[in-house]
Amino acid sequence: MSDITTALIHHAYVPPAGFAAPQPGVFKASTVLFPNVAAMRNFDWKDKSAYTYGLHGTPTSYLLEERLCTLEGGLQCLLLPSGLAAIASVALSLLRSGDEVLLPDNAYGPNKALAEGELKTWGISHRYYDPMDVQDLAAKISPQTRLVWLEAAGSVTLEFPDLCEQVRICRARGVLCALDNTWGAGLAFAPFDLTPGSDEALGVDISVHALTKYPSGGGDVLMGSVITRDAALHMKLKLTHMRMGFGVGANDVEAVLRSLPSMALRYRAHDEATRQLARWCQGRSEFAQVLHPVLPGSPGHDHWRALCPNGPGTAAGLFSVILQPRYVQAQVDAFCDALKLFGIGYSWGGPMSLVVPYDLASMRSQWPAQLQRGTLVRFSVGLEAAADLQADLAQALLVLAR
Ligand SMILES: *Cc1c(COP(=O)(O)O)cnc(C)c1O
């Protein structure tokens, strides 16, 4: 099965005897009973050969793990109560006092906050590298570097890095690389097979996914995953996962299982509407720059084109605009307030379009060379009709003419 959508619908599932429904059952448990004391002593909670305790997995959570491996091309999966918890668990598992972690300067903000907060107090240092300069990444890897975070596209500013070259550099230097794959979602590109069809087997070591976004798709679940293709690395991550007591609720797992089969269709719809709106914004004089990797001229467009097959369904539903510097913050805020269909709020991947103005200067160690000066606004495009969203943007822009 070459198509992910087909694979996720026709995924292996064994229903209870005599009840051959294709939709999976939902199992909830803390206690799991053993047939006898000997079995209790013998069962190993570290592998999936037996169920031992609800926190360590149920048929429902195992099924979601398997389907996420199918989606992303991984072999092992851990579920966590949020995307951020998934990010934090990777750091917690792999970093020790004296180690260093590298993050792209456009990394997901709370990942940076973790590095600047807990990791720092635990004696783990961090440095930010320029996501658009592979030489800068190479130069910043030191003997203390244990982990490199990657993001494609980057958060908020959506620069698309030369992901293949970044992974090659980490490989050559023997440093683990973890991709925050929430944007690509397993659909825009294959994180564990970045050079399909070539002899070079190139992939990230770890893919972290905020299932809160497209896999949930409803704006009503918080969950994250950590996917690997290396059994020893997975076991290291899993031991931390178990010792920390991270777990997810069966109702939430069910919600994600229910949404997964429609994920590729939704992603494609988000993508198509986002391209339309981003191109429309490019024609508006209020904006100094429109940031979206599918737009020629947007930072990293060539890298996106090289990695992601052209055509719809290969980019997420996010784009940002930088307003002309003549607009002051109050005007930009008024523009956001004037939008009627774009809710003011964080996150993305759900049915409703959202907008957030960002203070980019406070988020980056230096103003990125490829970006114009001005106030940045990020749009997350939902599943509303694109024409309605475009009309909404047009009416809200009228406040800037006042
Ligand atoms: C939303 C998001 C996360 C975190 O997900 P939560 O479930 O909200 O904690 C991580 N990385 C990226 C890129 C995100 O957009």
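The values are calculated or read from the model by the stated rules, or taken from the named source; none is laboratory data. Small disclaimer: the values here were computed from a predicted structure and weren't measured. Don't worry about glycine lacking a Cβ; one is built from the backbone with ideal geometry, like all the others, and counts go over all protein chains shown. SASA here: full protein model, heavy atoms, side chains in, ligands and nucleic acids out. Shrake-Rupley method; radii C 1.70, N 1.55, O 1.52, S 1.80 Å.
Would you mind listing the strands (runs of 3 or more DSSP E) fully within region 75-182 where at least 1 residues are buried (at least 22 other Cβ atoms within 10 Å of the Cβ), among the acidic types (Asp, Glu) and within 15 Å of the ligand (Cβ to nearest atom)?
145-151, 176-180
Got at least one residue in region 359-376 being open to solvent by 10 Å² or more (accessible area, probe 1.4 Å), part of a helix (DSSP H, G or I) and either touching a His at 6+ places or on another chain (Cβ under 8 Å) or of a type in the set (Gly, Ala, Ser) (or both)?
yes
Restricting region 185-202 to residues that are touching a strand residue (DSSP E or B) at 6+ places or on another chain (Cβ under 9 Å) and not aromatic (Phe, Trp, Tyr), which is nearest to the ligand (Cβ to nearest atom)?
Initial filter on region 185-202 (touching a strand residue (DSSP E or B) at 6+ places or on another chain (Cβ under 9 Å)): 185-186, 191-192.
If we keep only those that are not aromatic (Phe, Trp, Tyr) too, we end up with 185-186, 191.
Details: ALA185: 10, GLY186: 14, PRO191: 13 Å.
This residue is ALA185.
Take SER353 and decide whether it is away from the ligand (no atom under 16 Å from the Cβ), surrounded by 23 or more Cβ atoms within 10 Å (Cβ to Cβ), at pLDDT 95 or above and under 21 Å from the mean Cα position of the chain (by Cα). Break it down into steps so the answer makes sense when it comes.
Details: away from the ligand (no atom under 16 Å from the Cβ): no; surrounded by 23 or more Cβ atoms within 10 Å (Cβ to Cβ): yes; at pLDDT 95 or above: yes; under 21 Å from the mean Cα position of the chain (by Cα): yes.
It is false that SER353 is away from the ligand (no atom under 16 Å from the Cβ), surrounded by 23 or more Cβ atoms within 10 Å (Cβ to Cβ), at pLDDT 95 or above and under 21 Å from the mean Cα position of the chain (by Cα).
Looking at region 194-201, can you tell me whether even one residue there is among the hydroxyl-bearing types (Ser, Thr, Tyr) and out of contact with any Leu (no Cβ under 9 Å at 6 or more places or on another chain)?
Looking only at region 194-201, we keep the residues that are among the hydroxyl-bearing types (Ser, Thr, Tyr), and these are 195, 198.
Those still in the list that are out of contact with any Leu (no Cβ under 9 Å at 6 or more places or on another chain) too: 198.
Yes, region 194-201 contains a residue that is among the hydroxyl-bearing types (Ser, Thr, Tyr) and out of contact with any Leu (no Cβ under 9 Å at 6 or more places or on another chain).
Checking the structure you have, find out if any residue of region 46-56 is in contact (Cβ under 8 Å) with a residue 40 or more places away in the chain, away from the ligand (no atom under 16 Å from the Cβ) and β-branched (Val, Ile, Thr).
There is no residue in region 46-56 that is in contact (Cβ under 8 Å) with a residue 40 or more places away in the chain, away from the ligand (no atom under 16 Å from the Cβ) and β-branched (Val, Ile, Thr).
Might you let me know whether region 10-18 holds any residue that is surrounded by 14 or more Cβ atoms within 10 Å (Cβ to Cβ), closer than 24 Å to LEU194 by Cα and not assigned by TED's automatic domain parsing to the domain that holds MET244? Before the answer, list the steps.
Looking only at region 10-18, we keep the residues that are surrounded by 14 or more Cβ atoms within 10 Å (Cβ to Cβ), and these are 11, 13.
Retained after the next criterion (residues that are closer than 24 Å to LEU194 by Cα): 11.
Restricting the remaining residues to those that are not assigned by TED's automatic domain parsing to the domain that holds MET244 gives 11.
Yes: one or more hits.
Hey, among the residues in region 322-350 that are within 16 Å of the ligand (Cβ to nearest atom) and in contact (Cβ under 8 Å) with a residue 60 or more places away in the chain, which one's nearest to GLY218 (Cα to Cα)?
Of region 322-350, the ones within 16 Å of the ligand (Cβ to nearest atom) are 343, 345-350.
Now drop any that are not in contact (Cβ under 8 Å) with a residue 60 or more places away in the chain, which leaves 347-350.
Values: SER347: 11, TRP348: 10, GLY349: 8, GLY350: 5 Å.
Filtering region 322-350 for residues that are within 16 Å of the ligand (Cβ to nearest atom) and in contact (Cβ under 8 Å) with a residue 60 or more places away in the chain, the one nearest to GLY218 (Cα to Cα) comes out as GLY350.
One line per residue, one yes/no per condition, for (1) touching a Lys or Arg at 6+ places or on another chain (Cβ under 7 Å); (2) open to solvent by less than 80 Å² (accessible area, probe 1.4 Å); (3) among the acidic types (Asp, Glu); (4) over 22 Å from LEU257 (Cα atoms):
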| site | (1), (2), (3), (4) |
| --- | --- |
| ALA20 | no, no, no, no |
| ALA38 | no, yes, no, yes |
| ASN42 | no, no, no, yes |
| THR60 | no, yes, no, no |
| LEU63 | no, yes, no, no |
